[in-house]
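Comments concern the structure below.
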Amino acid sequence: MLKQLSQLTTSQIQEQMKEMDSKVDLFRVCHTILSLAPTTAPRTASHSRKTKETEISARVVLDGSGSSNVSTGIGFLDHMLEALSKHSLIDITLKCKGDLQVDDHHTTEDCAIALGICVRKAVGDKVGITRYGSALAPLDEALSRVVVDISGRGNASVNLNLKREKVGDVSAEMLTHFFISFATSAGISLHVDVLKGENDHHKSESAFKATALALRHAVEIDERRKGTIPSTKETLSV
Ligand SMILES: [Mn+2]
């Protein structure tokens, strides 16, 4: 090598060094691209449905950044779902045109079902997930506790303890119904309890935020599971 180099002129050596530099750069670029490439498919799912009552399209990205684009026609529900996305880090896109001239029932229920279906599809066979999640979330004087199990079986126990008939433009009973419909279609056990609070807006929002925090933990991949299913039955399919 030294002998070969000694036979070259200074400009030839410089040219060879430039060529080597460009090869090293190319190697670095290839290495970076390979290290950034995802090793598994992104956990995302979509669902759309059109009936005489509602027309809905929904999409979730489980390993998202908490960005949302929500438009249900019900302002307070949008506010709650944006909070759900922000604090779960699950990206949510949800568009709904519902029969709000009737009331808020079909729109709220069908949005919950569509989001639940997306979550169920996105967690797939539940390989490697943490499965359980629990969280406390305050909002000023209000405090909520949520416990979730991504079991494949949908059920919910919900105590929002709201005093008013409506919060914003959604009825209190439909906020409760939202959690039940979501849990049923997502195939999760969901326990929502507002433990304290005076203001119904605060109580509702702390319940959605606690749900977000619990869900975030439950859907996350647990690296120590090394791709196994967190069940002694070795399956979490229904
Ligand atoms: Mn608020």
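The values are calculated or read from the model by the stated rules, or taken from the named source; none is laboratory data. In this text, all values refer to a predicted model and were calculated from it rather than measured experimentally. All Cβ positions, even for glycine, are placed from backbone atoms using ideal geometry, and neighbour counts span all protein chains on display.
Descriptive notes on the structure:
- Pairs linking a residue in the stretch 86-106 that is touching a residue at least 12 places away in the same chain (Cβ under 8 Å) to a residue that is part of a loop (DSSP other than H, G, I, E, B) and of a type in the set (A, V, I, L, M), with Cβ atoms under 6 Å and 6 or more positions apart or on different chains, are Ile90/Leu62; Asp104/Ile74.
- Taking every residue in the stretch 164-183 that is of a type in the set (Ser, Thr, Tyr) and pairing it with any residue that is in a helix (DSSP H, G or I) and at pLDDT 95 or above, at least 6 positions away or on another chain, the pairs with Cβ-Cβ distances below 6 Å are Ser181/Glu109; Ser181/Ala112; Ser181/Ile113.
- Taking the stretch 133-171 as the range and being farther than 17 Å from Thr72 by Cβ and within 16 Å of the ligand (Cβ to nearest atom) as the test, the residues that pass are Ala137, Pro138, Leu139, Asp140, Glu141, Ala142, Leu143, Ser144, Leu160, Leu162, Arg164.
- Qualifying positions in the stretch 130-168 - touching a His at 6+ places or on another chain (Cβ under 8 Å) and either at pLDDT below 95 or part of a loop (DSSP other than H, G, I, E, B) (or both): Thr130, Asp140, Glu141, Gly168
- Selection of first residues in the stretch 59-74 that are touching a residue at least 60 places away in the same chain (Cβ under 8 Å) and of second residues that are surrounded by fewer than 19 Cβ atoms within 10 Å (Cβ to Cβ) and small (Gly, Ala, Ser), restricted to Cβ pairs under 9 Å at least 6 apart or on distinct chains, gives the following pairs, ordered by first then second residue: Val60/Ala45; Val60/Ser46; Val61/Ala45; Val61/Ser67; Leu62/Ala45; Ile74/Gly168.
- Ala172 vs. criteria within 20 Å of the chain's Cα centre (by Cα) and not charged (D, E, K, R): no
- Subset of the stretch 175-199 that is closer than 19 Å to His105 by Cα and more than 18 Å from the chain's Cα centre (by Cα) - its residue that is nearest to the ligand (Cβ to nearest atom): Leu175
- Conditions (1) within 16 Å of the ligand (Cβ to nearest atom); (2) among the β-branched types (Val, Ile, Thr); (3) assigned to a strand (DSSP E or B): number failed by Thr211: (3)
- Residue that is farthest from the ligand (Cβ to nearest atom) [pool: residues in the stretch 77-104 that are over 17 Å from the mean Cα position of the chain (by Cα) and crowded, with 18+ Cβ neighbours inside 10 Å]: Gly98
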